[in-house]
1. Can you list the aspartates and glutamates whose alpha carbon sits under 19 Å from that of Lys70, skipping same-chain ones fewer than 8 residues off?
2. Kindly state, to the nearest 0.05, the FRET efficiency for Ser71 paired with Leu26, given R0 = 22 Å and r defined as their beta-carbon distance.
3. May I ask you to give the solvent-accessible area per residue for segment 27-107, in square angstrom, as obtained with a 1.4 angstrom probe?
4. How are the Cα pair distances of segment 33-107 distributed, in percent, across 10 Å bins from 0?
5. Taking Lys40 as the anchor, which aspartates and glutamates have their alpha carbon closer than 14 Å to its alpha carbon, excluding any fewer than eight residues away along the same chain?
6. I need to check one value: relative contact order of segment 15-106, counting alpha carbon pairs closer than 8 Å and at least 6 residues apart, in percent.
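The values are calculated or read from the model by the stated rules, or taken from the named source; none is laboratory data. For clarity, every value in this text was computed on a predicted model and none was experimentally measured. Every residue, glycine among them, receives a Cβ derived from its backbone with ideal geometry; neighbour counts consider all protein chains shown. Surface areas here come from the heavy atoms of the whole protein model, side chains and all, with no ligands, DNA or RNA. Shrake-Rupley method; radii C 1.70, N 1.55, O 1.52, S 1.80 Å.
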Amino acid sequence: MKYQTGCALAIVAATIFIKPAGAATLKQIGTIAVPGQTLKNFDISFVDQASGLYYLADRSNKAIDIFDTKSNTFVGRVGSFAGAVMKDGKIDNETSGPDGVLFTGTE
């Protein structure tokens, strides 16, 4: 029993001193303005590596925002989504949208 307790403590002690991988190398390299409402609510996004386009599920503007990562510009927006719908003081994910973005092939 002493061996198991000592082993568990050693593992816990070792994990306390481990730094997150690459955390010191992350830095902001630019900013792209999002037109319309201030971006407060968003969901899953997707980058199409072939085209360099970034698609963001923007609930604040009830749309999918499209950005060009090569020129760091806002390209456009596909709208008519529900946006962030509140229920009991919280965002209701069942009725809010867009809920995310995923591409397959060219779709």
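1. Within reach: Asp48.
2. On the way: r = 22 Å, r/R0 = 1.02.
Approximately 0.50, to the nearest 0.05.
3. Numbers: 5560 Å² over 81 residues.
Per residue, segment 27-107 has 69 Å² of solvent-accessible surface.
4. 21, 50, 24, 5, 0
5. Asp58, Asp65
6. On the way: 156 pairs, mean separation 21.6, N = 92.
Reported relative contact order: 23 percent.
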